[in-house]
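Single-structure report; data block below.
We did not get these values from a lab; they are worked out from the coordinates using the rules stated. This structure is a prediction, so every number in the text was calculated from the model and none was measured. Neighbour counts run over all protein chains shown; Cβ positions are idealised from the backbone, glycine included.
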Amino acid sequence: DEEFNELCFEFGLELDEITSEKDIISKEKGEEKAKGASDTILYKIDVPANRYDLLCLEGLVRGLQVFKERINLPRYEKIIPALGEGQRLIITEETVRVRPHAVAAVLRNITFTKERYDSFIDLQEKLHQNICRRRALVAIGTHDLDTISGPFTYTAKAPSSIKFKPLNQSQEYTASQIMDLYRTDSHLRHYLHLIENKPLYPVIYDSNGVVLSMPPIINGDHTKISVNTRNVFIECTGTDITKAKIVLDIIVTMFSEYCEKPFSVETTEVVYPNGKTHIYPELAYRKEKVKSELINKKIGISETPSSLAKLLTRMCLKSHVIGNGNNIEIEIPPTRADIIHACDIVEDAAIAYGYNNIQMTIPKTYTIANQLPINKLTELLRLDLAAAGFTEALTFALCSQEDIADKLGMDISATKAVRIANPKTAEFQVARTTLLPGLLKTIAANRKMPLPLKLFEISDIVVKDPNTDVGARNYRHFCAVYYNKSPGFEIIHGLLDRVMQLLEVPPNEENGYTIKATEGSAFFPGRCAEIFAKGQSVGKLGVLHPDVITKFELTMPCSALEINIQPFV
Amino acid sequence: FTEMPTDNFVESSFWNFDALFQPQQHPARDQHDTFFLQDPAEAPELPAGYTAKVKKVHSQGGYGSQGYKYEWRLEEARKNLLRTHTTSASARALHRLARQEKFSPVKYFSIDRVFRNESLDATHLAEFHQVEGVVADRGLTLGHLMGTLRQFFTKLGITQLRFKPAYNPYTEPSMEVFSYHEGLKKWVEVGNSGIFRP
């Protein structure tokens, strides 16, 4: 187990959990139900999102074996059948508006066992979730070739004219009936919307009118594959041709291992509406040249070109030294669609070398360090405010609409708040425009603490601003509240004076700060003042209105102060 | 290390994802993981020349890359969201650096809030803080990155470190940094890092 964990770590996989079927059932349903379940050890492995070739057991084992140099990377071969003997998939014009692309391939004389069959189905599901973006981009269909006869037609028809027996059902349904049938199915109902509102639904027929599938929803029962299937016809339809090709390549390379002639795939011819034809799967091998010096430099090691070539070969990138010995030619197999730049090759070389074998060095970059002025000011203020006897709080930047509007006696449209389109709960509907609700909620959650409660926070608020490039901006605010049996306006006022003293702003009209009595919806009438400094209004202070106090579930009087500290930087 | 400005919680998809080579079809851009904004819903302004370059690299490739080969859409990049990582601020800082007259090596850092659309539980919050560091210079290697991280974590009192290969859309090579936690008696992930893709 330890050894496997190490291997995964080195290769770039995360061994999430070591468990067994028995354990899983135990945890979810209790020990009783787990009796009789399998005890065999299961490894849960996390695979990086860009490695589609490691999503099934076959690919994972193959990758690891090449990494440990136990086997050589197999060569995937295309077998192009003699003229007239191969399968053909004809795409008609109607598909263009709903799901235009399709690719196909055949696995000949394949031998399935229960495990291989399960793995085959599992890989399709994983690919659907991953690169196919939950079947939206590509949908995979696999069929028993011996139950159908080509050439196959991929077309789109009105829902009422499509009728077939879906997988594992006992009778025929029309397409519209199928939509209703699966509306409550926990698995398939998520895909219905992909074609539901289109005038034509995609469908694949064979030459006798037998329905292979209605992508991306469901395959036909007639063509379902079983453990005894010998010849498999694979089709991938979708809206992204690049991804469809990658998906097809992955499936065939992974499972062609079990064909009579291992790692060989029979091609099919796809005919487009305009008459052009294309042979799939492409199974393209790409050659790239990289300077060995580049690899060494980027990683910080110094390996000879031939040892670098060996490292890359271990990562399924067959390489050898060419030319005058400084360049490496790398052959990228169809299973590594994630290699799109020389830096991907560099990473693989580093992985094979072993990240933890690389010597750690410090870059010789000389720079002068600097703190952002606004943050420096914030840090200085925080220390002094704590010294003044106030406790710092850190609250959420997202809150409900009521928090910044109704509870403070304001209308939401006057706040210029930024709204969130997809909040998970009502607590995160808008970004805060004032720090006050956060502090009041903190007090409400801490009612059992001894009085007086003196809290402050210096943090960002967000407001809409049409002058910025994204339409909103942050302002650094400072807010303090005093909660006690008496409101303590003089304490909050004193705090303001202290802060201004620290900011070196004198208490006079011309070049300093003043306060003027005003009305505020959140404040007690006659006990509210606006603070002016640096030629603008920077905030308010006062005793909070009893309505506000009640709405935040508090019971004692409270005075508050909130100012924008950006002008003081 | 000089502090980078991070004073915008609201970010456009362009700076948060597209400029960082995260494809528009990536699951992280789904409704489930990101907070998209209703108001303001779209960023009015995106850097014109740079946007064209980003579009090209995603759809056709460039700078030595094959690209993702899909149709890149401007409307998708305009969508506003609450940033999911402070790397968007790093992208802005690097863009500013690139437009300087003469290149000067820099080291940037930032510590600020990020937002992810998750349900709250014992180990997950919808908003949390990230510490980010960037070094830009000629001739930097993976060894340099590891060395810098080692020094950083040593200052925090974390000395047992191991590096594991990882994947980020915008860095290659990428590494996750693991440290041995005495209390939990196992290796836990303490950071993520990588060398930005050319």
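For region A:194-317, a crude dipole built from +1 on the beta carbon of Lys and Arg and -1 on the beta carbon of Asp and Glu, taken about the Cα centre, is about 680 debye to the nearest 20. Sequentially through region A:318-323, phi angles give Karplus couplings (6.51, -1.76, 1.60; θ = phi - 60°) of 4, 9, 8, 7, 10, x Hz, Gly and Pro residues having no value and appearing as x. Residue by residue, region A:435-449 carries 3J(HN,Hα) couplings of 7, 4, x, x, 5, 5, 5, 5, 5, 4, 7, 10, 4, 7, 6 Hz when phi is fed to the Karplus relation 6.51 cos²θ - 1.76 cosθ + 1.60 (θ = phi - 60°); x denotes Gly or Pro.
Counts of other chain beta carbons within 10 angstrom of each beta carbon in peptide A:462-471 average 6.
If you average the sequence gap of Cα pairs under 8 Å that are 6 or more apart and divide by the length of chain B, what percent do you get for the contact order? Write out the running numbers ahead of the final one.
Numbers: 311 pairs, mean separation 40.1, N = 198.
Relative CO of chain B lands at 20 percent.
For chain A, give the share of DSSP beta bridges that are antiparallel, in percent and rounded to the nearest 5; count only bridges with both residues there.
Details: 89 of 101 bridges.
Approximately 90 percent, going by the DSSP bridge assignments.
Please give me, ordered by residue number, the trypsin sites (Lys or Arg not before Pro) of region B:145-191 that lie in loop per DSSP and have at most 12 other Cβ atoms within 10 Å. Of the trypsin sites (Lys or Arg not before Pro), the ones in loops of region B:145-191 whose Cβ has at most 12 other Cβ atoms within 10 Å are B:185.
Using Cα atoms only, what is the angle between the long axis of helix B:142-155 and the major principal axis of chain B, expressed in degrees (0 to 90) to the nearest 10? It is inclined by approximately 60 degrees.
Rounded to whole Å, give me the distance from the Cα center of region A:340-362 to that of region A:399-422. Taking the Cα centre of each part, region A:340-362 and region A:399-422 sit 49 Å apart.
Simple rule: put +1 on each Lys or Arg Cβ and -1 on each Asp or Glu Cβ in the protein assembly as shown, find the dipole, and look at A:76, B:154, B:105; the Cα lying farthest toward the positive end is B:105. Per-residue shielding of B:112-121, expressed as the average number of other chain Cβ atoms within 10 Å of the residue Cβ, stands at 3.
Could you state the angle between the C-alpha long axis of helix B:87-98 and the longest principal axis of the C-alpha atoms of chain B, as a value from 0 to 90 degrees rounded to the nearest 10? Once rounded, the angle reads 70 degrees. Listed here are the pairs A:114/A:224; A:68/B:164; A:44/B:186; A:126/A:424; which of them are more than 24 Å apart at the Cα? Distance filter (> 24 Å) returns A:126/A:424.
Is there a pair in A:298/B:69; A:289/A:318; A:298/B:55 whose C-alpha atoms are over 19 Å apart, and which pairs would that be? Working shown, then result.
Details: A:298/B:69 26 Å; A:289/A:318 12 Å; A:298/B:55 27 Å.
Too far apart for the 19 Å limit: A:298/B:69; A:298/B:55.
Taking the Cα centre of chain A as origin, work out the dipole magnitude from +1 charges on Lys and Arg Cβ and -1 charges on Asp and Glu Cβ, in debye rounded to 20. Let's see the in-between values first.
Working: 66 positive and 73 negative charges, 151 e Å.
With Lys and Arg at +1 and Asp and Glu at -1, about 720 debye.
If packing is taken as the average number of other Cβ atoms within 10 Å across a peptide's residues, how do A:169-179, A:196-206 rank, most packed first?
Numbers: A:169-179: 15.7, A:196-206: 19.2.
Output ranking for A:169-179, A:196-206: A:196-206, A:169-179.
Order these peptides, A:482-488, A:329-335, A:514-520, by their mean beta-carbon neighbour count within 10 angstrom, highest first. Intermediate values should be presented prior to the final figure.
On the way: A:482-488: 18.7, A:329-335: 20.9, A:514-520: 13.4.
Descending packing order for the listed peptides: A:329-335, A:482-488, A:514-520.
Amide hydrogen proximity for residue A:367: with H placed 1.01 Å from N in the peptide plane, no residue at 5 or more positions away or on another chain lies under 5 Å. With the simple model of a label 7 Å out from the Cα in the direction of the Cβ, residue A:5 to residue A:168 spans 3.7 nm. Here the 3J(HN,Hα) profile of region A:183-190, calculated from phi with Karplus coefficients 6.51, -1.76 and 1.60 at θ = phi - 60°, is 4, 9, 6, 4, 8, 7, 5, 6 Hz, Gly and Pro shown as x.
Quick check on packing: order A:434-445, A:260-271 by the mean number of other C-beta atoms within 10 Å, highest mean leading. List each step's numbers first, then the result.
Working: A:434-445: 21.2, A:260-271: 18.6.
Ranking the peptides A:434-445, A:260-271 by packing returns A:434-445, A:260-271.
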